[in-house]
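J.: Would you mind keeping the following structure in view while I ask a few things?
Derivation of every value follows stated rules applied to the coordinates shown; laboratory data play no part. What you see is a predicted model; the values in this text were computed from it and never measured. So basically every Cβ, Gly included, is an ideal-geometry build from the backbone, and we count neighbours across all protein chains shown.
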């Protein structure tokens, strides 16, 4: 383990950016999101979660796939260059780190999404352990330890010091490039901070949230539950939950006439929209109840049933804090699962 005084963290950022493009939580236009580091960037490492998750670094909100130029009856296909710029994304919380494992299951399975794969191969992920989790957090329900994040490098901030621990070959390589900045440290130096964070985690209102009852054996029972009729009614189908979610991977593919050809691109989509997966005969899920049920059944039942028990949720709490009508996955879990409080 290495360490660096927090008042020298600007030197660290500059050194990393000298090797690879550096992205981290930046305050801009009233929001904190992952953005390119510059000397005058308003870096906010103390922000618990960015508005959009780290997913945006690997599966962007929109990206070009291919372009076509047409002249008379001739069509020229112009595939864009796959992303190949080396970059580092710094300050990723444990929940968002876990979300990348889930996205890997989707985009790196056959047929492999080459755009996503290229970004994963070129990206180095530096995580940051939580020290002040909020009441909306429930990552522990999915077995995530907010004090011991994964990634290529794990970091902790304790007593005005940044602690740095490479975890993978990528992390070791990055560390070797900037090693002159660090001093050696003992892992016991972060014990107090880790213990204090765990005390907070043990006091959070959602610490006892249980996933009991959500498994592949209960698919039909949960699908047919009459409680969906009550749960969905408040939902306005705005899609906010899907766009802030770090594990949602639905997208649409569209063509745009540039006036000098056609550009084909993909962009995030939402299963909560009435035109999602529209086919020749229309959307197979015609009601908001069906769309609402599909979203949560996928995250809590279908995905784990097909991925060795891995849920498609990481308990980041974004949907809890951002839903305009406070209808979120926690309420669904409590209503349909076997939580003791039943609330």
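J.: Just check region 192-302 against the gyration tensor rule for me: Cα atoms, a ≥ b ≥ c as the square roots of the eigenvalues, rounded for a/c under 1.5, and otherwise prolate or oblate depending on whether a/b exceeds b/c.
T.: oblate
J.: Next up: Name the shape class, rounded, prolate or oblate, that the alpha-carbon gyration tensor gives for the chain, where a ≥ b ≥ c are the square roots of its eigenvalues, rounded holds for a/c under 1.5, and otherwise prolate holds if a/b is larger than b/c and oblate otherwise.
T.: Since a/c reaches 1.5 but b/c is at least a/b, the shape of the chain is classed as oblate.
J.: Provide 156, 37 in ascending order of the number of other Cβ atoms located within 10 Å of each residue's Cβ, fewest first.
T.: Arranged by neighbour count, lowest to highest, 156, 37 become 37, 156.
J.: Related question: Sticking with the crude label model, points 7 Å out along Cα→Cβ, report the distance from residue 258 to residue 148 in nm, one decimal please.
T.: Spacing of the two 7 Å Cα→Cβ label points: 5.0 nm.
J.: Can you classify region 60-212 as rounded, prolate or oblate using the Cα gyration tensor, where a ≥ b ≥ c are the square roots of its eigenvalues, rounded means a/c under 1.5, and otherwise it's prolate if a/b beats b/c and oblate if not?
T.: Taking the square roots of the gyration eigenvalues as a ≥ b ≥ c, region 60-212 is oblate.
J.: Report the full-extension gain for the segment residue 132 to residue 274: residue separation times 0.36 nm, less the Cα-Cα distance, to one decimal in nm.
T.: 47.3 nm
J.: Further question on the same structure: May I ask you to derive the FRET efficiency for residue 310 and residue 233 from their Cβ-Cβ distance with R0 = 45 Å, giving the value to the nearest 0.05?
T.: Here the calculated transfer efficiency is 0.90.
J.: For the chain, with a Gaussian network of springs between Cα atoms less than 10 Å apart, report the residue from 218, 47, 141 with the top mean-square fluctuation.
T.: 218
J.: Between 267, 248, 130, find the one with the highest GNM mean-square fluctuation for the chain; connect C-alpha pairs within less than 10 Å.
T.: Largest GNM mean-square fluctuation: 267.
J.: Looking at the chain as a GNM with Cα springs under 10 Å, which of 168, 287, 136 has the largest mean-square fluctuation?
T.: Of 168, 287, 136, the most mobile in the Gaussian network model is 287.
J.: Sorted from fewest to most neighbouring beta carbons within 10 Å, what does the list 208, 72, 152, 96 look like?
T.: 72, 208, 152, 96
J.: Can you compute the modelled spin-label distance between residue 191 and residue 267, with each label point 7 Å from Cα toward Cβ, in nm?
T.: Modelled inter-label distance: 5.4 nm.
J.: Give the order of 285, 8, 293, 93 when sorted by the count of other beta carbons within 10 angstrom, beginning with the fewest.
T.: Fewest-to-most Cβ neighbours within 10 Å comes out as 8, 285, 293, 93.
J.: Further question on the same structure: Pop a pseudo-label 7 angstrom from the Cα along the beta-carbon direction at both residue 45 and residue 168 and give the gap in nm to one decimal.
T.: In this crude label model, residue 45 to residue 168 measures out at 2.1 nm.
J.: How much FRET efficiency would the formula 1/(1 + (r/R0)^6) give for residue 78 and residue 224, where r is the Cβ-Cβ distance and R0 is 45 Å, rounded to 0.05?
T.: About 0.35, to the nearest 0.05.
J.: Just subtract the alpha-carbon distance of residue 117 and residue 286 from 0.36 nm times their residue separation and send over the number in nm, one decimal.
T.: 57.4 nm
J.: OK, next. If R0 is 45 Å, what FRET efficiency do you get for residue 8 and residue 31 from their C-beta distance, rounded to 0.05?
T.: Computed FRET efficiency for residue 8 and residue 31: 0.95.
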